[in-house]
Amino acid sequence: MDVVNELPRLTFYRGRVGLFAILKALGIGQGDRVATQAFTCLAVPEGIMATGATPLFVDTEKGGVNICPNDLAAKLDSSVKAVVVQHTFGIPAQLGPIRKLLEERGIPMIEDCCHTFASTYVNQLVGTFGVGAFYSFEWGKPIVAGIGGSAIVNDPELRKKVSDYYDTLDEPSWKRVLKVQLQYWAFEKLYRPETYWKVRSTFRKLSKAGAAEGNYNPTEGVAEDFHLKMAKPLHDRLVEKLNDAQAVVERANHLARQYAAGLPEGGFVRPLVPEGAVPVYARYPLFCLEKQRVLAKAEETGVEIADWYTTPVHPLGREEWHHVHLEPGSCPRAESLSDQIISLPINQKVKPADVEKTLRLMKEF
Ligand SMILES: *Cc1c(COP(=O)(O)O)cnc(C)c1O
């Protein structure tokens, strides 16, 4: 399947709505469980819970940022009706063992491709392994359309169901579209790696005040959002940006090579990349034992280093985990991962001087 050509077909208000649509088409709802990895963002459990189902969190793999096939095997039971497999930061999950396990149990796999449309596993594109996959096009993703998401469905029967459902969805109101468009133009104009920390703090203040469309609205408007398509002007922007998909991939690979070559020995450890996997990174992730010190220094010197995910279900603090049915201690590796991961920017605005400045900072640790 040509994923890039497929992406503009079933476009939703957000990526999580694409996940929701696939789960609904699979007949998943109340009383069912959907397994997904911890070390994810609230969008994923929101998409699951919007169907009435309950998320079941699986720990991350040893040394990596993706789902652990062994913990998945241990936690699966007859209540689990689907598994979401996320390719975190663009690193493909261990698709070989996972697919084998799920085929044996007859459980459908949905890939979370929000961080990559181009990574491969044994020469096959991620997104084409399971019954379907979903994508996101908001700020920070490889292709930015404003806000929005998409689903591809590999199983023909399921595709018919998803597209029938898709035809019942509404367009977002012009007010919401305007808000998202203003946000998009502001980001385009203001964001560069050296303005990252300022843009981020302004965006957080605005979304708290309701003046910007935040990424997580666990209490308001959720049900309504799950009945929306991607707005037409955003869809058109997506189509246009997909024309440059190849340039996005080349740029990502180039920056990843520069980071890899320039990082100091020791100090920062790269997450596991499974055998046969070729990542196209959304950001360049690193384990680091002094996360808070590195971030403080980065903010002080205006270097873009991101902190996510800061918790196993970003941005929920421990006292909020029960909202998404995450049991403290059930995913110990994901819990400690959140305290150790940082990531370097990969996008069209990262210039050679930014790479140099970032690497210089990293060498101080
Ligand atoms: C961004 C993202 C999503 C979905 O985001 P939406 O805001 O719903 O478009 C889902 N999973 C992961 C891992 C993401 O990074």
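The values are calculated or read from the model by the stated rules, or taken from the named source; none is laboratory data. Bear in mind that the values here come from a model prediction, so they are computed numbers and not experimental data. Here Cβ is always computed from backbone atoms with ideal geometry, including for glycine, and neighbour counts include all displayed protein chains. The area values use the complete protein model at the heavy-atom level, side chains included, leaving out ligands, DNA and RNA. Shrake-Rupley method; radii C 1.70, N 1.55, O 1.52, S 1.80 Å.
Observations, loosely collected:
Results for (1) under 22 Å from the mean Cα position of the chain (by Cα); (2) within 29 Å of Ala223 (Cβ to Cβ); (3) in a strand (DSSP E or B); (4) modelled with pLDDT under 95, shown as yes or no for each residue.
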position	(1), (2), (3), (4)
Val44	yes, yes, no, no
Ile48	yes, yes, no, no
Phe57	yes, yes, yes, no
Gly64	yes, no, no, no
Leu72	yes, no, no, no
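- Cβ pairs under 7 Å, 6+ apart, first in region 266-285 and closer than 10 Å to Gln94 by Cβ, second open to solvent by 60 Å² or more (accessible area, probe 1.4 Å): Gly276/Val122
- Hits in region 145-190 - residues which are among the aliphatic types (A, V, I, L, M) and assigned to a loop (DSSP other than H, G, I, E, B): Ala145, Ile147, Leu169
- Count of residues meeting criterion [within 16 Å of the ligand (Cβ to nearest atom) and under 28 Å from Asp307 (Cβ atoms)] in region 28-58: 20
- In the condition set (1) in a loop (DSSP other than H, G, I, E, B); (2) open to solvent by less than 50 Å² (accessible area, probe 1.4 Å), Lys349 is compliant with all but (2).
- Residue that is least open to solvent (accessible area, probe 1.4 Å) [pool: residues in region 191-210 that are part of a loop (DSSP other than H, G, I, E, B) and without any contact (Cβ under 8 Å) to a residue 24 or more places away in the chain]: Gly210
- Gly130 meets all of the listed conditions (1) in contact with a helix residue (DSSP H, G or I) (Cβ under 7 Å, 6 or more places away or on another chain); (2) within 16 Å of the ligand (Cβ to nearest atom); (3) closer than 18 Å to Val58 by Cβ but one, namely (1).
- For Gly96, the stated conditions do not hold, so it cannot be described as open to solvent by 20 Å² or more (accessible area, probe 1.4 Å), on the phi > 0 side of the Ramachandran plot and away from the ligand (no atom under 16 Å from the Cβ).
- Number of positions in region 1-27 that are open to solvent by 10 Å² or more (accessible area, probe 1.4 Å), part of a helix (DSSP H, G or I) and within 16 Å of the ligand (Cβ to nearest atom): 3
- Condition met for Asn215 (away from the ligand (no atom under 14 Å from the Cβ) and closer than 21 Å to Phe117 by Cβ): no
- Taking each residue of region 225-240 that is more than 12 Å from Gly149 (Cα to Cα) and looking for partners that are open to solvent by 40 Å² or more (accessible area, probe 1.4 Å) and at pLDDT 95 or above with beta-carbon atoms closer than 6 Å, six or more apart or interchain, yields His227/Asp170.
- Pairing each residue of region 22-48 that is more than 18 Å from Arg159 (Cα to Cα) and of a type in the set (D, E, K, R) with any residue that is within 16 Å of the ligand (Cβ to nearest atom) and open to solvent by 10 Å² or more (accessible area, probe 1.4 Å), provided the two are 6+ apart or on different chains, yields C-beta distances under 6 Å for Glu46/Arg16.
One line per residue, one yes/no per condition, for (1) open to solvent by 50 Å² or more (accessible area, probe 1.4 Å); (2) not small (Gly, Ala, Ser); (3) not in a helix (DSSP H, G or I):
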{"residue": "Val280", "(1), (2), (3)": "no, yes, yes"}
{"residue": "Glu299", "(1), (2), (3)": "yes, yes, no"}
{"residue": "Leu316", "(1), (2), (3)": "no, yes, yes"}
{"residue": "Glu319", "(1), (2), (3)": "yes, yes, no"}
{"residue": "Pro328", "(1), (2), (3)": "yes, yes, yes"}
{"residue": "Val355", "(1), (2), (3)": "no, yes, no"}
